[in-house]
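Read the structure below first, then the notes.
All of the numbers you see were taken from the coordinates with simple rules; none came from a lab. It should be emphasised that the depicted structure is a prediction, and the values quoted were computed from it without experimental measurement. Please note: Cβ atoms are built from the backbone with ideal geometry, for glycine as well, and neighbour counts cover all protein chains shown.
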Amino acid sequence: MSVEQNKTIVQRYYDEFWGRANVAVVDNFCAPSFKFHLGRIVEIPDLNAFKQFSSLFFSSFPDFSCPVSEPMLAERDRVVTRYAWSGTHTAASQAVFNGLPATGKKVTVTGITIDRLADGKIVEEWCEEDLMGLAQQLGVIPPMG
């Protein structure tokens, strides 16, 4: 697939999956062997485990929103995306901080992903987010300085 086709697939993935917190559409964009890496804290080995993780995460932030904040960059089979997600932490979070009780706090987190595609599907995603900023916004750790 071309670089532009890969960017289109990833843009639709963001619009329809991350943008709408819609786990039902993830099969349209990701291969069954999909692997997800969130920094060094989360390694998800396949698409079914990713759907479970995403469902828990979205239920913790039911008003989750994740617009793409800058143009995507792509080369060969990789697409880089910068985004800022936001949501209100209204449910105990198994997907974030080992079951942190709901804080009711609205948070905004910036991040960058690198998606690798093969045969029109995302096969691997590396995600780096401002997790310290998230922890500070939720009151898990105090703000710096």
ask   = Just how large is the dipole of the chain about the Cα centre, in debye to the nearest 20, putting +1 at every Lys and Arg Cβ and -1 at every Asp and Glu Cβ?
value = 260 debye
note = Whole-number value, in Å³ per residue, for the convex hull of the alpha carbons of region 1-43 is 98 Å³
message = I'd like the Karplus ³J(HN,Hα) series for region 64-78: coefficients 6.51, -1.76, 1.60, θ = phi - 60°, whole numbers in Hz, and an x wherever there's a Gly or Pro.
response = 3, 9, 9, x, 6, 9, 8, x, 6, 10, 8, 8, 6, 9, 10
Summed residue charge, Cβ within 10 Å of ALA49's Cβ, Lys/Arg positive, Asp/Glu negative = 0
ask   = When a footprinting reagent is the concern and you count Cβ atoms within 10 Å, what order do TRP18, TRP126 take, fewest first?
value = TRP126, TRP18
query = Against the longest alpha carbon principal axis of the chain, how many degrees, from 0 to 90 and to the nearest 10, is the axis of helix 47-60 turned?
reply = 40 degrees
ask   = Taking neighbour counts of Cβ atoms within 10 Å as a proxy for exposure, in what order, fewest first, do LEU131, LEU117, LEU73 appear?
value = LEU73, LEU131, LEU117
task = For n ≥ 4 DSSP H runs only, could you compute -39500 (n - 2.57) per run for the chain, divide by its residues and tell me the 222 nm figure to the nearest 500?
result = -7000 deg cm²/dmol
remark   = With no solvent term and unit scatterers on the alpha-carbon positions of region 3-138, Debye gives log₁₀ I(q)/I(0) at q = 0.10 Å⁻¹ of -0.30
request  = Could you tally up the Lys pairs in the chain with alpha carbons closer than 24 Å? Skip any pair fewer than 8 positions apart unless they're on separate chains.
outcome  = 7
